[in-house]
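What follows is a short report on a single structure.
The values are calculated or read from the model by the stated rules, or taken from the named source; none is laboratory data. These numbers were taken from a predicted model, which means no experiment stands behind them. We place every Cβ from the backbone using ideal geometry, glycine too, and count neighbours over all the protein chains shown. For the accessible areas, the whole protein counts, side chains as well, though only heavy atoms, and no ligand, DNA or RNA atoms are used. Shrake-Rupley method; radii C 1.70, N 1.55, O 1.52, S 1.80 Å.
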Amino acid sequence: MIEIKKLNKYYGDHHVLKDIDLSVDKGEVVVIIGPSGSGKSTLCRTVNRLETIDSGEILIEGEPLPEDGKDLAAIRSKIGMVFQSFNLFAHKTILENVTLAPVEVLHKSHAEAKEEAMRLLKRVGVDSQADKYPIQLSGGQQQRVAIARSLAMNPKVMLFDEPTSALDPEMINEVLDVMTELADDGMTMMIVTHEMNFAKQVSDRVVFMDDGRILEINTPEKFFSEPGTDRARDFLESIKN
Amino acid sequence: MNAGHVSIKDVLYEEPGPKLKKRIKAVTAMSTVLIILLFALMVHRFYITGQLDGKYWFFFGRLSTWRFLFRGLIGTVEVALTSGVLAFILGFILMTGRISGKKAAVKICTALIEFTRGVPTLLFVYFFFLVAPQFGLKLASFWKITLPVALSACGVVAEVLRSGVNAVPKGQREAALSLGMVERKVFLKIVFPQAFRYVIPALLSELVIVVKDTTFAYVVNFPDLMQNASVLISNYDAMLSVYLLAAVIYIIINYLLNKAAAYYAGHRKERSLL
Ligand SMILES: Nc1ncnc2c1ncn2[C@@H]1O[C@H](COP(=O)(O)OP(=O)(O)OP(=O)(O)O)[C@@H](O)[C@H]1O
Ligand SMILES: [Mg+2]
């Protein structure tokens, strides 16, 4: 589904992604963890080219990621992305947030888009808020709307960049529950998170990054019980308390 | 964006405490007294200099006077609105050029913005009045005033719009891109509508300046409020009374525009949409 080969990225002189090789198969859930600044977000964002890359290759369903224009937009429409800060469109209602892209990009009729949107909003449990504006919702509700907005495009894969890091503790689970359901439904997902219990539960593989490098790719059972590197062990220790 | 978001406005216009409230009341009362005193002084001066004499005021009793002034007012409103719309369109184009990232476009638009912002409106007026006709550009007097006023405002409008665009959080653009929207659509559907809402008060303030600039209509002989006021003055040899009335009308127009800006800003905060 996603193949990343020998990927390198720099911010000026700062080498932030170093020889990244990673693939995500159809239906697989890959969780990326690692200390702050290790390049997790950057990696996630290169997959739909919100960040450009300096060398290497990214293939989506075997096709190289286009550099720009309509082709890039078309690929992006199939890759859902959920951000730490939700990024709901502030000037649109919840319903409009979900219907906008299906109407504008997939050229669905308003009626069809609305019906689908209401179904998705119901699925994530915020259908009663459809006519409100984002700022009138709690963080947890906003993030669930953001997930529904992505799902409305019928994505083949979804990227999550720390979807619960901006949430109050009591709202984290409502978002994780939605994500767990998605995983159970067979959605292909690449998730950056600090929620280790969640990672244990849903992931097929865990990717550990440090200083721009992937140090380890392992099953969650293995990774959390006997991590392969000292760095990973230290990291797991450090987040326990 | 977030629920706990504090806007600049909240910081600037924090709810005053009881002490500050008292001071505000005192200052308000003092300035009211001062204004009344000044007004009384003015009326007194008028009396002494004979400006209150009936011959300076009697024509305000005639319907034709008011009709004539009203026609001027309509002229002013027409010029101001047309200039405003033109300035908005030109400003929008300049702004998109300036943020396009295309080197040539950025340079040209930046230069045009600085040029139109720097040159006094009156010079633009003289250009369309004196220079343009020499190159065979013959315009109706309406356009001889509307075009220069619009030109003079468009650079400021461009910069106001640009500041609005820059104020839109970049996550908005990224979210739209990640849904598969192309850049142009992202800008028109997501970024610009929000930017526009941010800057409505600033745009209304610029419209106040446009209204004031329309008074250069006398140069090109366009019958706006100011021009018609001048006609009354020469007909009745009554400068002070007529100018006083004209000033009051301009103040009312601009007061309403400022009120609209303030109302909009407050209204937006209340509904807290952005
Ligand atoms: N736009 C940017 N310009 C310059 N440097 C950047 C930029 N974005 C990120 N970096 C740097 O790149 C490195 C990787 O950042 P990244 O955000 O991918 O880390 P992360 O693993 O997601 O960290 P966190 O857990 O804090 O989110 C960091 O050193 C960061 O300072
Ligand atoms: Mg990050």
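Can you list residues from other chains, or at least 5 along the same chain, whose modelled amide H is less than 5 Å from the amide H of A:Y10?
Residues meeting the criterion, in which the H sits 1.01 Å from N, are A:V16, A:D54.
Can you pull the percent of the range A:14-128's accessible area that's carbon plus sulfur, 1.4 Å probe, other chains left in place?
Reported share for carbon and sulfur atoms: 45 percent.
Could you compute the FRET efficiency for A:D177 and B:S100, with r as their C-beta to C-beta distance and R0 at 56 Å, rounded to 0.05?
0.80
Nearest-5 percent of antiparallel DSSP beta bridges in the protein assembly as shown?
Close to 55 percent.
Select from B:L188, A:V207, B:Y263 the residue farthest towards the positive end of the dipole of the protein assembly as shown; place +1 on Cβ of Lys and Arg, -1 on Cβ of Asp and Glu, and compute about the Cα centre.
Of the listed residues, the answer is B:Y263.
Can you give the helix-only mean residue ellipticity at 222 nm for chain A, where every DSSP H stretch with n ≥ 4 adds -39500 (n - 2.57) and the sum goes over all residues, rounded to the nearest 500 deg cm²/dmol?
-11500 deg cm²/dmol
In a shell of Cβ-Cβ distance under 10 Å around A:V178, excluding A:V178 itself, what net charge do Lys and Arg (+1) and Asp and Glu (-1) give?
Charge balance in the 10 Å sphere: -1.
In peptide B:128-135, how many Cβ atoms from other protein chains are near each Cβ within 10 Å, on average?
Mean partner-chain Cβ count within 10 Å for B:128-135: 0.
Taking Rh as the Kirkwood radius, which is the inverse of the mean 1/r over Cα pairs, what is the Rg/Rh value for the range B:65-273?
A ratio of 1.06.
Rounded, prolate or oblate: pick one for the range A:106-199, where a ≥ b ≥ c are the square roots of the eigenvalues of its C-alpha gyration tensor, a/c under 1.5 means rounded, and failing that, prolate if a/b is larger than b/c, else oblate.
It is oblate, given that a/c is not under 1.5 and a/b is not larger than b/c.
Mean Kyte-Doolittle of at least -0.5 plus a Cα span of 20 Å or more along the axis: flag which DSSP H helices in chain B meet both, please.
B:18-49, B:63-99, B:103-118, B:141-167, B:192-213, B:239-271
Which aspartates and glutamates have a Cα less than 18 Å from the Cα of B:K107, not counting those fewer than 8 places away in the same chain?
Once the sequence-local aspartates and glutamates are set aside, what remains near B:K107 is B:E159.
Counting only residues 5 or more places away or on other chains, whose amide H sits under 5 Å from the amide H of A:S23 once H atoms are built in the peptide plane?
Those lying under 5 Å, H to H, from A:S23 are A:I4.
Where is the GNM fluctuation largest for chain A (alpha-carbon springs, 10 angstrom cutoff): A:N97, A:N197, A:N154?
Largest GNM mean-square fluctuation: A:N197.
Taking the Cα centroid of the range B:87-110 and of the range A:159-196, what is the distance between the two, rounded to the nearest whole Å?
Using only Cα atoms, the two centres lie 42 Å from each other.
Taking K and R as +1 and D and E as -1, what net charge do the other residues with C-beta under 13 Å from the C-beta of B:V210 add up to?
-3
In the Gaussian network model of chain B, springs joining C-alpha atoms below 10 Å, which of B:L94, B:L123, B:L86 carries the largest mean-square fluctuation?
Answer for the Gaussian network model of chain B: B:L123.
Whose amide H sits under 5 Å from the amide H of A:I32, counting only residues 5 or more places off or on another chain, with H placed in the peptide plane?
Result for A:I32 returns A:I191, A:V192, A:T193, A:V207.
Over the range B:65-273, give the accessible area per residue in Å² for a 1.4 Å probe, as an integer.
For the range B:65-273, the solvent-accessible area averages 49 Å² per residue.
Got a number for carbon plus sulfur as a percent of the range B:65-273's accessible area, 1.4 Å probe?
69 percent
What quantity of accessible surface, computed with a 1.4 Å probe and excluding non-protein components, is buried in total between chains B and A, in Å² to the nearest 100?
Its buried surface, counting both partners, is about 2300 Å².
Roll a 1.4 Å probe over the protein chains and send me the accessible area per residue for the range A:1-134 in Å².
44 Å²
If you project the alpha carbons of the protein assembly as shown onto their three principal axes, what span does each projection cover, largest first, in Å?
The Cα atoms of the protein assembly as shown stretch 102, 63, 49 Å along the principal axes, largest first.
Provide the net charge surrounding A:T42, with neighbours chosen by a C-beta distance below 10 Å and charges set as Lys +1, Arg +1, Asp -1, Glu -1.
+1
Leaving out same-chain residues fewer than 8 places away, which lysines sit with a Cα under 22 Å from that of A:K240?
Within the straight-line cut-off, A:K240 pairs with A:K40, A:K200, A:K222.
Of the accessible area of the range A:188-241, with the probe set at 1.4 angstrom, what percent is carbon plus sulfur?
42 percent
Compute the FRET efficiency between B:V231 and B:Y47 as 1/(1 + (r/R0)^6), taking r as their Cβ-Cβ distance and R0 = 30 Å, and round to the nearest 0.05.
Efficiency computed from Cβ-Cβ geometry: 0.65.
Just tell me how shielded A:78-87 is by partners: mean number of partner chain Cβ atoms within 10 Å of each residue's Cβ, no decimals.
4
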